[in-house]
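The values are calculated or read from the model by the stated rules, or taken from the named source; none is laboratory data. Since the model is a prediction, treat every value here as computed from it, not as a measurement. Quick reminder, even Gly has a Cβ in these numbers, built from the backbone with ideal geometry, and neighbours come from all protein chains shown.
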Amino acid sequence: MQTEPQAIEQGQPSAALPQTDEDGLFEIRLESLGGFGAHLAGKMLAEAAVLRMGLNGAHFSSYGSEKKGSPIKSFVRLAAASDRVRTSAPVERPFVVAVFLDNLLNDPAILSGLRAGGILIVNTTKTPEEVREALGYHHDTLACLDATTIALEEKTRVNTAMQGALAAMIPFLDVGAVREVLATTFERKHASIIESNLRTYDRGASEIRIDRRDPAPEGRGVVSVEPKWGYLNAPIGGVVADPANTVTKNLSGSRTGRIPVFHQDKCIHCGLCDLACPDNNLSWDIVHREDETWHTRLRGIDYQYCKGCGACVDTCPTGAITSERETPGFADANTVPLDWSPRIVDGARRHEPS
Ligand code: SF4
Ligand code: SF4
């Protein structure tokens, strides 16, 4: 969304911003994965600032073609009512970065360009000290909250809790105005979900653990991640044959906090999950019988490329795959790697039933 000064509703005060960059802008960047609702969170923040607080603003997001589970960035740019927002470029020098899942902190570009004295908000179960230590980030303000647990307990989504944290941490944002936009938005979807979402929002605003330190002497440098492939080295025809690939080959944090768990005792090896999975993550064996016939048997899930979309869970007729909250180390301990050797029925991949 983008607004012009004359678009501000009549009767609104002519609002100003206490802190802006050299262009008169206050910029926020939301770092997330498709499915967490970062786009909607950014949209509602901008809507509250523009339509209820009398500021000018713009909001847009950047994501790939396959949204769920893929990294996305959402940008909110605010200006005083008397100023126009004259750029639609991605936010490179934000005052605030909100990270919707702490796995994303593995990416060195996540904090790119965060200004000195800025605010970092992270959805994590870790303490601010643990996050600072992992990032080597020892200045500025860090706010941590366990938005995933809040969302699971309230049966809502992470974005609503993160919105509460953003509204509470950005000093000039009116927490009540954002709350009103939230209520109006969810009222349009279904009245029954308003209360749980407002509770999620309030918990997001109140359950943050804040660690304020001196401003960094300088802001963070702008980090640009170069694609792994370009016109000089891309395979002929532009076909990238590796499984679940992207041009940046960034596989960190590609799940949304939930993970499919395979229960072999319930599996009837029907293969429906394999048809549903968009990334071919199901690992299969070919089992030979004594009478020289054979069948396929599901061994487990290769978590390297799994984005936790849950399609396999929804499809399984026997409950042999369930969706669970991902805990640290679970994927590494339980992954069953895909076997990309040639699928020769008689020979190379011979396995006996256990
Ligand atoms: S859909 Fe369920 S029962 Fe069928 S192969 Fe997959 S896990 Fe097994
Ligand atoms: S959750 Fe299931 S369907 Fe989705 S990517 Fe992972 S294995 Fe595939």
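How about region 302-316: which of its residues are more than 16 Å from ligand 1 (Cβ to nearest atom) and either surrounded by fewer than 18 Cβ atoms within 10 Å (Cβ to Cβ) or over 11 Å from LEU338 (Cβ atoms) (or both)? Listed by number, the residues that qualify are GLN304, LYS307. Residue count for region 256-280 satisfying the condition of being under 30 Å from VAL122 (Cβ atoms), within 8 Å of ligand 2 (Cβ to nearest atom) and in contact with a helix residue (DSSP H, G or I) (Cβ under 8 Å, 6 or more places away or on another chain): 4. There is no residue in region 64-78 that is among the small types (Gly, Ala, Ser), crowded, with 24+ Cβ neighbours inside 10 Å, more than 16 Å from ligand 2 (Cβ to nearest atom) and not in a strand (DSSP E or B).
Among residues of region 257-285 being away from ligand 1 (no atom under 14 Å from the Cβ) and touching a Ser or Thr at 6+ places or on another chain (Cβ under 9 Å), the one that is nearest to ARG325 (Cα to Cα) is ARG258. Does any residue of region 233-250 turn out to be charged (D, E, K, R), under 21 Å from the mean Cα position of the chain (by Cα), more than 10 Å from ligand 2 (Cβ to nearest atom) and at pLDDT below 75? Checked against the condition, which is being charged (D, E, K, R), under 21 Å from the mean Cα position of the chain (by Cα), more than 10 Å from ligand 2 (Cβ to nearest atom) and at pLDDT below 75, region 233-250 yields at least one hit. In this structure, GLY136 does not satisfy being on the phi > 0 side of the Ramachandran plot and crowded, with 16+ Cβ neighbours inside 10 Å. Note on region 100-155: residues that are of a type in the set (Val, Ile, Thr), part of a helix (DSSP H, G or I) and in contact with a Leu (Cβ under 9 Å, 6 or more places away or on another chain) amount to 2. Considered as a group, the residues in region 251-275 that are closer than 30 Å to VAL158 by Cβ and of a type in the set (Val, Ile, Thr) include one that is modelled with the highest pLDDT, and that residue is VAL261.
Against the list (1) more than 16 Å from ligand 2 (Cβ to nearest atom); (2) under 30 Å from GLY37 (Cβ atoms); (3) more than 26 Å from the chain's Cα centre (by Cα), the condition HIS295 fails is (2). Among residues belonging to region 141-152 that are at pLDDT below 95 and not hydrophobic (A, V, I, L, M, F, W, C), point out the one that is nearest to PHE75 (Cα to Cα). So, considering only residues that are at pLDDT below 95 and not hydrophobic (A, V, I, L, M, F, W, C), the one nearest to PHE75 (Cα to Cα) is THR148. Considering the conditions (1) touching an Asp or Glu at 6+ places or on another chain (Cβ under 6 Å); (2) under 22 Å from ALA49 (Cα atoms); (3) among the small types (Gly, Ala, Ser), ALA168 is excluded by exactly one of them, (1).
On inspection, ASN123 does not qualify as crowded, with 17+ Cβ neighbours inside 10 Å and in contact with a Lys or Arg (Cβ under 9 Å, 6 or more places away or on another chain). Sub-7 Å Cβ pairs linking a first residue in region 288-301 that is closer than 27 Å to ASN334 by Cα and within 12 Å of ligand 1 (Cβ to nearest atom) to a second residue that is part of a strand (DSSP E or B) and among the polar types (S, T, N, Q), at least 6 apart or interchain, are ARG299/SER283; GLY300/SER283; ILE301/SER283, ordered by first then second residue. Count of region 280-297 residues, restricted to those that are surrounded by 14 or more Cβ atoms within 10 Å (Cβ to Cβ) and closer than 14 Å to PRO260 by Cα, is 3.
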